[in-house]
Structures are given as structure tokens and as C-alpha cells.
Amino acid sequence: MRLTDIKGVGDKTSALFNKLNIYTPEDLLAYYPRNYDIYEEPICVKDIDNKLVVSIEGVVMRTLDVKHFKNISIASTVIKDKSGDTIKVTWFNMPYLRNTVKYGEKYVFRGRIKYSGITPTLEQPQIFPLGKYAEKLNYMQPIYSLTKGINNNTFVKAISNALIICSCDDYLPEDIREQYNLVDYKKAIKNIHFPEDMESLKNARRRLIFDEFFSFIMNMEKLKEKESVVINQYVVDNFETSESVIKNLPYELTNAQMRCLKDIRQDISGSFVMQRLLQGDVGSGKTIIAFLTALDFARSGLQSVIMAPTEVLCEQHYKKLVDLINDNSLQYKVCLLTGSLSIKKKREAYEKIENGEYQIIIGTHAVFQEGVVYNNLSLVVIDEQHRFGVLQRGKLMNKGMKPHTLVMSATPIPRTLAIILYGDMDISVIDELPQNRKSIKNCVVTKDYRPKVYKFITNQVNDGRQVYVICPMIEENDTLQAENVVDYTDILKENLPANIKIQYLHGKMSSEEKNEILRKFETNEINVLVSTTVIEVGIDVPNATVMVVENSERFGLSSLHQLRGRVGRGNHQSYAVFVSATKDKDKLEKLGILNKSNDGFYIASEDLRLRGPGDFFGIRQSGEMGFNLADVYTDGDILKDAKSAVEEYNSRGLEFIDKKINDDIVIY
């Protein structure tokens, strides 16, 4: 079916949906709300604390005052809540409310909170008699991520009509659904978009998370069938090159690095093809292990590929490896292969790769494109593994005759879950940081501290350093009170000296725009980079010494730890400043855990303990990991259920056709 088969969706609207990668009615139903506008119990003025939309039950304390400014009229009054606190209420271009909102009467007012300094005002609220608001209580309106030309109502209508024409057949037998406490698929899809209540939303979310994990594991099983124990055709057992390089390094490898390198050497010199995960915290030194291994393959006359998720990270790897080769007077040649290369340069690279002139190839997705033919691809290294999809990995593996595989991840996944996510891979963990690495100094502050933060940023830039500022959103929206990169960039320009160069970055920019901004930041043409979590992986700037995270209470601790890992990568003292927009003691104590430890595994375990399952409002914690809803930390129990269900499903010989599987489904 086509999108235009949906009632009310014409060619113009269909083209706008296409911009959001929605091409079919099924795609539309799989485009889940990013949040819900919930008609909650009225609160008191003192409990507003960082909320954007609130409902307040209050008595009108004075007759509406209506003033006119040019073509705008502003009606205002003051209401008093049940605790005796008051708040100003304003409406724009609604002077007729003077005859509706009566002095001394009690209503429920629901609207947006705006601040003038520290004083809140309730703007443009809806007005409900008490009984009428009770009828609305707990109603949940879905809120979607939009593109220009489409509003939320268009989404709601289109999804309502898509539900009518889509069959939403369920692949799971009823007894398996009952065994794992799952609602049927059609009910889950309906309730993820239009939940009857909070319980129905939780049940829908559980089912759809189960489906994401089930699809992931099922496709992993298919890969494992192809990648079962294979005889090692590329035995590498001479490690003189890497040993010589190790002795010449300006630093000593840690015991953990040497232990992991030993694991890899045993694999590649053994009887069977290596399938190994190298797991290590941010800054633990995984990349040098990959380089040393690739150099040993080059010495044996074999080719290696190192695949990374961004062009900037590939360029950084390329420069570091070339420098390493030159510093050790080695003769091996390295190729940088990215999508931005001209057609002419790509052809030249393809020719030299095919004839074996390049021993090590570093690149993005470009390394497995159809035109790339390898001479004797024997080692595949996948950096930041969770950024690449099942099909992408399969395409790369098919470029060689059963090459060795080393995948690297900085995500501190608990071992029990890692075993499921990584299938039959052997796991090595770098569990200590380099000795010369200075510990990052952390502090957790409230938004009142911002003037001091701005001064600190200025001092660091004046000292020649650079700064990251992370915001949870790209642009302002109607349902979430949180900083966004576009407006916050303007705020910084107002509060920092004019000579400081500030630029913003977010995931909706084109690859060319993002790469150009990251390159300018790498070369210090940009002093302060305001970004979403798009920089969590894929950039290594040793000169960056400050990480400021706004609205840090809205992120999981593991995400904050990954962000913190972007600084502290050079010789200068580095700092992480977590700014909280709330003074809630529990949230501030949670953030305080980051002060106690730099151990990603400890932080991940604390994150899981504190967040608990079902934390699905606010900022997505794991969207960057490839799942729409699932979180490997908080949904670990569902992941285990999905693993058991896959085993039972396969034992029955049931056929699974995943219509949703694509390159966005990830291998961790």
C-alpha cells in the first residue's frame, strides 16, 4: 500500500511524510509519538518546578484587565490556588474572556508556563469548570516529531485512518503472547498512538519493545548461522611488528590492554576465525589495540578494514595510524575511504585496494559499497559497533573469505545482556584507564549557577581550550521545558565575549554540514560547540576541556557518562558541568553519582537501579542505539524474554518475516 491510500493523504502530504522516512502506511504506524500531552491532576503554584504545561485549580482574584498594544490585546488576572499562592494569568487577543472569567469563581486553568526572571506566568490557558476538567483527566494526546509543513493534527488524523486500512497481523502465536504477558500487535499499535490510559500505554510499549528485541535477535541468529565456527584461513602468528611499535609508544599500555591484545593474538593464530567484542570505557584505549592488530595482519601481507561511524572519526583514525606507521619507519599504506570522496578519487582508491597496494583501509559505510573489491580482506574492525546495522555488517563480511572480526564498543552493557546482544562472540574488556590520563573534575549545579558557568567557559577559551555545550532538544517545542541548541546558541552569544566563535550542531543537519562543523571544531575554528547528543560518539578533540550539559536531569547517567568522555582526552585538566533545571533533591543526588565514579560499568548499574523500567517520558535515553523504544538497561528483562521466545519460535519451525527490518536495526 501507498501513503496516498490513507484517507486524507494526498501527494503533497505524502511527500512531506517522505522527509521523515515514512513511505507506507506501515511506516506511519511505526512512527511512534515522542511524548504525550497528559491532562493531569491540577497542581499548586509551588509545584510548577520546570514544567512547561500545567493545570492549576484557582479562584479568580480580580476582574480581567484588558490592555491594547497596537494590534494586540492582552487580558490578565491573578488566580489563587488552594494553598494560598497566586500566579498571574494572561491571554492574547481574547478580550471577550472578560465576560467569561468571573471574579471570585473557581476554575481549572491549563496552559504554558513562561518566566519573567524567576517569576512564572500562566499564558494562554484553557479554562475548565471543575466538572468539565474531571472528564478530561488523564486524557493522553500523542505528540509527534514534525517536519515543516505538517502539524500534529495531520499526524493524528493520518494515523487514525492508517489503523483502519492496515491489517497489523500478529506473527506471535497466542500462547507465546500469554506466556510473556504481551498484548496482540494491533492493540499495541493502537495504544502506542492513542492510549486509553497509562496502563494501556505501558502494555503497548512492552509489546513493541519485545518486538524490537525479537527482530534484532532473530536477525542475529540468521547471521550466526552464516558465521558459525569457521576454519581460520588467515593465520597470523608473527607479532614482531606490533611488539616493536609497543616499545616505541610514548606511553605504556595498561595491563588490561595487554590482556585484551593477548586474547586477540590467541584468536588470530588459532584454528578458528576470530569473533571478538572489545569492550572498554570511553578513553580506555581500544583504538590502539585495533591498530596494532591491523599492523600484524599487514606484516603477513593481509588486508584489514577499520570501519567507523563518522567521516570525522575516520579522518582522525587515519591521521593517527599514518603517524604511527611513519614514527616506526614502516612501509605499509593506509587508505581513507569515505562517502565525500570525489568519483575520481574513489576509483583510484578502489583500484589500489583491489591490487593490494593498500594494506589497511579506514572508512565509513563506503568500505562495503558494491564497487569496493578487496585483494585479501582478512580482518574487519568495527568501531562503535552499535552504530552499524545488521545488513551493513553482513555486506562488509561478504567482502572477504570469512575474515576475522573485532568489534569495539564503549557502551558498558552488563555481561548477561552483552552475551545476548553479541551472540556467540567472545568478550574482552579493557577495565582500566591509561595511567597518564587526568581525572575529569565534575560538578552538578542548578541553573542559577549559569553566570559562573559562562565566566568559566570564557576563561577556558581565553586559555586556548574548547568547550562542548549539550542541550536535549534541537528546537523549542510545546510540551517540554528544556534547553534547545538553536536558542541556547543565541543565549551564549549574548553572554560570552564577541570574539568567542560559537556554532551549533544537531542530527537533522546533512552529513556535509555536520562534517564541516566538526572539522572546524577539530581545528579550533569553533571555540564553543552547542550540540545535541549527536557528538556522543565520533569526535576526538584533545583540546576540548569542558563539557557542559544543560537539563542534565533529563538524561540517563550512562548517556551523561558517554558525553563526559568527549573531554579529558588530552594533557590538559578537563571539567564536566551538569546543569540541572530542577532543585529536586532526588534528581540532584542521582547526578551526584557522576562525582563519585568515572567507571562506566558502575554508573550503568546505578543508572539501571535508579531509573527502573518504564521510564519513557522526556528525553530518549537510547534512541542513538538504534531502537525506537527499547533500552538495553531498563528493558533488560524484556530482552531476556525475547531471547527465550526466539528459541521457542525457532524450535517450532515457525517462519518469521520481519517487514520492519532494515539497516537501522543495530548489532551492538
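The values are calculated or read from the model by the stated rules, or taken from the named source; none is laboratory data. This structure is a prediction, so every number in the text was calculated from the model and none was measured. Note that we place each Cβ from the backbone using ideal geometry, even for glycine, and neighbour counts take in every protein chain shown. To get the accessible areas, we keep the full protein, side chains included, count just its heavy atoms, and leave off ligands, DNA and RNA. Shrake-Rupley method; radii C 1.70, N 1.55, O 1.52, S 1.80 Å.
Looking at (1) in a loop (DSSP other than H, G, I, E, B); (2) loosely packed, with under 15 Cβ neighbours inside 10 Å; (3) not charged (D, E, K, R), which is the only condition V101 fails? Only one criterion in (1) in a loop (DSSP other than H, G, I, E, B); (2) loosely packed, with under 15 Cβ neighbours inside 10 Å; (3) not charged (D, E, K, R) is unmet by V101, namely (2).
Of the helices (runs of 4 or more DSSP H) lying entirely inside region 191-271, those containing at least 3 residues that are open to solvent by 20 Å² or more (accessible area, probe 1.4 Å) and modelled with pLDDT of 95 or more span 240-248, 255-268. Taken as a whole, the condition of being over 23 Å from S428 (Cβ atoms), at pLDDT 90 or above and part of a helix (DSSP H, G or I) does not apply to K320. Summed over region 36-47, the residues that are surrounded by 18 or more Cβ atoms within 10 Å (Cβ to Cβ) and either modelled with pLDDT of 90 or more or under 19 Å from Y103 (Cβ atoms) (or both) give a count of 2. Identify all residues within region 135-163 that are part of a strand (DSSP E or B) and surrounded by fewer than 17 Cβ atoms within 10 Å (Cβ to Cβ); write none if there are none. Matches in region 135-163: Q141 only. Applying the criterion of being assigned to a loop (DSSP other than H, G, I, E, B) and among the hydrophobic types (A, V, I, L, M, F, W, C) to the residues of region 489-521, the residue that is surrounded by the most Cβ atoms within 10 Å (Cβ to Cβ) is L496.
Every condition in (1) open to solvent by less than 40 Å² (accessible area, probe 1.4 Å); (2) outside any loop (DSSP other than H, G, I, E, B); (3) more than 24 Å from K643 (Cβ to Cβ) is met by K132 except one, and the failing one is (1). Scanning region 325-355 for residues that are open to solvent by less than 20 Å² (accessible area, probe 1.4 Å), assigned to a helix (DSSP H, G or I) and under 26 Å from L249 (Cβ atoms) yields one hit, I325. Tell me, yes or no, whether region 525-539 has at least one residue that is touching a residue at least 40 places away in the same chain (Cβ under 8 Å), among the small types (G, A, S) and open to solvent by 50 Å² or more (accessible area, probe 1.4 Å). No, region 525-539 contains no residue that is touching a residue at least 40 places away in the same chain (Cβ under 8 Å), among the small types (G, A, S) and open to solvent by 50 Å² or more (accessible area, probe 1.4 Å). Applying the condition of being modelled with pLDDT of 85 or more and of a type in the set (V, I, T) to region 533-575 and asking which residue is nearest to D607 (Cα to Cα) yields V549.
In region 442-459, is there at least one residue being more than 21 Å from F555 (Cβ to Cβ), touching a His at 6+ places or on another chain (Cβ under 9 Å) and modelled with pLDDT of 90 or more? Looking for residues that are more than 21 Å from F555 (Cβ to Cβ), touching a His at 6+ places or on another chain (Cβ under 9 Å) and modelled with pLDDT of 90 or more, one finds none in region 442-459, hence no. Among residues of region 101-115 that are without any contact (Cβ under 8 Å) to a residue 12 or more places away in the chain, those with a beta-carbon under 6 Å from a residue that is surrounded by 14 or more Cβ atoms within 10 Å (Cβ to Cβ) at least six positions away or on a different chain give the pairs K114/T121; K114/E123.
Against the conditions (1) surrounded by 15 or more Cβ atoms within 10 Å (Cβ to Cβ); (2) at pLDDT 90 or above, N50 satisfies every one except (2). Where helices (runs of 4 or more DSSP H) sit wholly within region 557-611, those with at least 3 residues that are on the phi < 0 side of the Ramachandran plot and without any contact (Cβ under 8 Å) to a residue 12 or more places away in the chain occupy 585-596.
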